[in-house]
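K.L.:
Take this structure, written in C-alpha cells, and hold onto it; I'll ask about it next.
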Amino acid sequence: MPMARIRYTLADAVGDPKTWAYTWEIADDVTFASTCGFCGQDEQRLTYEVTRDEESLWICQRCVGRYPVTGIWDGELLDQAITRANIHGLTARQKQRTCQEAIKKIQAVAPDAALSEVVVYFERNLQLSPQCAAVLFTAMAALPEPLDPRIFDIQTRSKAHQDEFGALDDRDRSVVWPALSPQQRRRLSSLGYAPSIHTTKRTRPSNPRNAQSQFPASSISPLCEPATSDATTETSAKTIL
C-alpha cells in the first residue's frame with residue numbers, strides 16, 4: 001500500500017488567514033523542533049510570527065506561501081506580492097546569518113586552511129558545493145554540541161555539482177547526504193551516487209516455494225505509535241527584496 005500523503009489543513013481556530021497579520025519576526029530553530037500554529041506540522045526550522053488582536057502564532061514556510069496572511073508596513077496595507085517578497089528577503093537574510101554563525105563556531109574548534117576556502121565559497125554563493133559541504137560537515141564533528149547540517153543549502157542542480165558529489169568518496173557522500181532534500185537524494189540515487197549505506201539490494205531465494213515450506217505456520221495470533229530578524233532595519237515596505 002502506498003504511503004499516505006500528509007495533508008496540510010488549517011486548524012479550526014485559525015479561521016480566515018486574512019485576519020492575521022505578520023509582525024515580520026522570524027524564528028530560526030536550528031534543531032528543527034518547532035510546530036506550525038496554522039497547520040500543526042512539526043519538525044519546522046523557520047517560523048513566522050503572525051498576530052490577530054491579542055493572539056499570536058508562529059507559522060511555517062508552507063503556510064506562508066499558501067495562505068494570504070495580511071502584510072502591514074508603516075501602517076500601510078501591502079498587496080500579497082509585496083508581502084511575500086518581503087518575507088522572502090527577510091528569510092534569505094536570516095538563513096545567511098544563521099549559516100555564518102555556524103561556520104564561525106566550526107572555525108573556532110577546527111581551524112583549517114580548507115575551511116577558509118569554504119567561507120569564501122559560501123559568501124559568494126550563499127550555498128555550499130558538495131565538496132565544500134563535505135569539508136565543513138567533517139569539521140563540524142568537533143563541535144561540543146551537535147549542529148544539524150540541514151541549515152545549509154547544497155548545490156546539486158547542475159550536472160557539474162552532481163558529478164562533484166559522485167566524485168566524493170563514500171565517507172564524504174555519507175557526511176553530506178543528511179543535508180540533502182528528499183528530491184536531491186532521489187535525483188542523486190538515480191545517477192548511482194547514493195552512499196553505500198543508503199543503497200539497499202533486495203535478494204530473493206532461488207525457489208520461493210521451497211523457502212516458504214521450510215518454516216511452519218505460526219500458531220500465535222497476529223497483533224493489531226528563536227533567533228529573530230529585526231524588521232526595523234528594512235529600508236522600505238514597497239521594495240521587493
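K.L.:
Per the 1.4 Å probe, what fraction of the accessible area of the range 71-125, in percent, lies on carbon and sulfur atoms?
P.N.:
Roughly 52 percent, rounded to a whole number.
K.L.:
Kirkwood Rh, Cα Rg: Rg to Rh for the range 27-158? Before the final figure, lay out the partial values.
P.N.:
Numbers: Rg = 17.4 Å, Rh = 16.6 Å.
Expressed as Rg/Rh, it is 1.04.
K.L.:
What FRET efficiency would be calculated for the residue pair residue 72, residue 191, taking the C-beta separation as r and a Förster radius of 41 Å, to the nearest 0.05? Write out the running numbers ahead of the final one.
P.N.:
On the way: r = 47 Å, r/R0 = 1.14.
Efficiency for this residue pair is about 0.30.
K.L.:
All other residues with a Cβ under 12 Å from the Cβ of residue 67 taken together, and with Lys, Arg as +1 and Asp, Glu as -1, what is their net charge?
P.N.:
+3
K.L.:
Computed FRET efficiency, Cβ-Cβ of residue 104 and residue 80, R0 41 Å: what is it to the nearest 0.05? Present the calculation step by step, with values, prior to reporting the outcome.
P.N.:
Numbers: r = 36 Å, r/R0 = 0.89.
That pair, residue 104 with residue 80, gives E of 0.65.
K.L.:
To continue, here is another question. Sort 19-32, 127-140, 183-196 by the packing proxy (mean of other Cβ within 10 Å over each peptide's residues), most packed first. Can you show the working numbers first?
P.N.:
On the way: 19-32: 17.6, 127-140: 22.4, 183-196: 14.6.
Going from most to least packed, we get 127-140, 19-32, 183-196.
The values are calculated or read from the model by the stated rules, or taken from the named source; none is laboratory data. No experiment lies behind these values; they were computed from the predicted model shown. FYI the Cβ positions are ideal-geometry reconstructions off the backbone, even for glycines, and counts take in every protein chain you see. SASA here: full protein model, heavy atoms, side chains in, ligands and nucleic acids out. Shrake-Rupley method; radii C 1.70, N 1.55, O 1.52, S 1.80 Å.
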